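Below is one structure; the comments refer to it alone.
The values are calculated or read from the model by the stated rules, or taken from the named source; none is laboratory data. Remember, predicted model here, so these are calculated numbers, not experimental data. As a convention, Cβ positions derive from the backbone with ideal geometry for all residues, glycine included, and neighbour counts pool all protein chains shown.
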Amino acid sequence: MSNNAMENEKRQKGRRQLNLRVYKDDRVRLKHIQTVTGLANWSEVLRYALKYTSDQYPVPLPPNESVDPTLLRDIAGLTGLLRAFFNAATEHMDKESEVYRSFVARLLLNIGDPIKIWSLFAENLPASMVVLHYTHATHLQYEVATELLVHNGVSLDERNLTEEEGGMRLGRRSYRLYLDDLFEIYTDRLKRYQGPSEYTNFVTRLRRYIQIIPLPEKGQ
């Protein structure tokens with residue numbers, strides 16, 4: 001058997017044996033998934049974790065709680081939208097600068113407040129419009145983000161980029177986004193988590209996944 005065939009067999013066995021138990025720190029669980037699956041970067045690990053649990057088995061939380069698959073999809077969708085705005089706002093920032101570090105710190109600090117997030121991006125975006133692109137590594141984020149746009153009354157046909165504007169990537173459409181889109185969707189999602197401990201649980205999990213966005217990507 002070739003080395004590639006042995007590696008593929010080993011990887012498939014690893015996926016079948018994956019333990020999806022939730023740890024106190026979700027980053028520990030994501031690291032475990034990366035080790036078992038051999039996925040190349042954090043975006044792929046996050047996509048695997050969210051898609052697996054959303055599409056198949058909600059992950060139990062000790063002792064008597066459970067993760068709602070809808071919550072996981074909301075996190076994925078918001079992460080996809082925030083990624084598009086984050087990339088546009090920081091594209092020309094020196095990633096070693098105090099300006100960049102301050103921007104990331106403010107984003108994480110205010111992640112549960114749509115008004116402050118709107119203001120942060122408004123201060124730092126070079127243009128009023130950003131673009132939601134598709135990548136293999138962010139498949140689920142893209143999928144749910146487009147669903148949230150439609151749910152909030154956005155016509156995707158009217159937001160398509162033309163071919164001249166680079167409107168196709170990996171066979172999938174790219175869409176124009178505006179800050180008002182982010183604010184309205186963000187506010188709408190948060191309204192769903194206003195019960196006892198629901199808001200804290202949602203914002204805490206969202207913050208953990210948003211922390212992955214600034215990490216260097218490989219293999220996209």
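The table that follows gives values for the structure above.
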quantity	calculated
I111 being touching a helix residue (DSSP H, G or I) at 6+ places or on another chain (Cβ under 7 Å) and modelled with pLDDT of 95 or more	no
Residue match in region 98-108 (condition: out of contact with any strand residue (DSSP E or B) (no Cβ under 7 Å at 6 or more places or on another chain) and closer than 23 Å to N152 by Cα)	no
Condition met for Y175 (hydroxyl-bearing (S, T, Y), touching a Lys or Arg at 6+ places or on another chain (Cβ under 7 Å) and under 17 Å from G77 (Cβ atoms))	yes
E143 being out of contact with any strand residue (DSSP E or B) (no Cβ under 7 Å at 6 or more places or on another chain), in a helix (DSSP H, G or I), at pLDDT 80 or above and not aliphatic (A, V, I, L, M)	yes
